[in-house]
1. Return the ratio Rg/(2.2 N^0.38 Å) for segment 77-155, where Rg is computed over Cα atoms only.
2. What does the charge add up to near Gln204, with Lys and Arg as +1, Asp and Glu as -1, over the other residues with Cβ less than 12 Å from its Cβ?
3. Give me the percent of DSSP beta bridges within the chain that run antiparallel, rounded to the nearest 5.
4. Once amide H atoms are placed 1.01 Å from N in the peptide plane, what residues at a sequence separation of 5 or more from Ile218, or on another chain, have their amide H within under 5 Å of its amide H?
5. With labels modelled as points extended 7 Å from the Cα through the Cβ direction, what inter-label distance (nm, one decimal) is found for Arg134 paired with Glu85?
6. Once you place label points 7 Å from the Cα toward the Cβ at Arg278 and Ala34, how far apart are they in nm?
7. Summing -39500 (n - 2.57) over the DSSP H runs of n ≥ 4 in the chain and dividing by its residue number, what mean residue ellipticity at 222 nm do you reach, to the nearest 500 deg cm²/dmol?
8. Give the lysines whose C-alpha is closer than 20 Å to that of Lys63, dropping any in the same chain fewer than 8 places away, or say none.
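Quick note: the coordinates plus some simple rules give every number you see, no bench work behind them. Bear in mind the structure is a predicted one, so any value in this text is a computation, not a measurement. Cβ atoms come from the backbone with ideal geometry, glycine included; neighbour counts cover every protein chain shown.
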Amino acid sequence: MTMKDITEGDIQNNIPLATKDPSNRTIVKFGDVAIGGDKFVVIAGPCAVENRDQVIDIAENVKKSGAQVLRGGAFKPLTFPYQNEKSFELGEEGLKYLAEAREATGMPVVTEVMDPRTVEMVASYADVLQIGARNMQNFPLLAEVGRSGKPVLLKRHFGCSLRDWLGASEHILVQGNPNVVLCERGVSTAHTHAGTSRFIIDIQVVPAVREYSHLPIIVDPSHATFKRSYVPAISKAAMAVGADGIILDVHPVPEQAAVDPLQALSYPVFGQLMEELRAIGQAVGRPI
Ligand code: PEP
Ligand code: MN
């Protein structure tokens, strides 16, 4: 029986750019940040940009604790179409607040883009373009972010194999854009969709990526666990397993976050986690 897995033929014909010389690791650089180098990179911020003061306050606080990059969504892949005071997206207005937060703190910004028609506009504000899990195989979108030349954070779809994921990265790389960072954010299996496991982190995909690809790999413990009490443990696991960084939801009043209120960390919990990560980083030779 042949397993559908990454074959020699795939490496030669389907994903030659993504799998070229895995030992010669790509370092994706933007601002003062380098993902895939010696340092472990922590990206933090709200799931959704809610207002100007919120995002600037979060940026200042996560920076104080040692985060190097600010995250925040202005275009959100919301499960349901209704916008209300609890669940919304600010669009370009949110991107302006993110740019202000970068001005105020010097932190580069990663934000999601969902539509090929808005790539140029989002790229004019962002330092890194995030492709959400749900859009991992939106090929026109991948081509467009590829053409933008901007660094791309490519999340793994929760139902896709490493082969599919590297195939998606190839769609960006083939446009001449080498700046792709992979992000594991949990997968769905037959036993997920329980409170303790809405998704399951595929922690072994980190060494698998390192085996097959030169691209940097980070982990999103917030979206993978969907549960704030699990986020610190999975963040520490990500560092220990050899990830190049993590991306975390942080909010001043986590249970009141407009989007994903169950998973965001408070400032003190985030600060405590950063201290623990620094200690582990010392042990595994991965300073923050
Ligand atoms: C996010 O990072 O805000 C997000 C929507 O993540 P995902 O695409 O992994 O669900
Ligand atoms: Mn979210």
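1. Computed over Cα atoms of segment 77-155, the ratio equals 1.12.
2. -2
3. DSSP beta bridges in the chain are roughly 20 percent antiparallel.
4. Amide H to amide H, under 5 Å and 5 or more residues apart or across chains, Ile218 pairs with Leu182, Cys183, Glu184, Asp244.
5. Label-label distance for Arg134 and Glu85, simple model: 2.5 nm.
6. In this crude label model, Arg278 to Ala34 measures out at 2.2 nm.
7. Using -39500 (n - 2.57) per qualifying helix, the result is -10000 deg cm²/dmol.
8. Counting by Cα, and skipping residues close in sequence, Lys63 has these lysines nearby: Lys29, Lys39, Lys96, Lys236.
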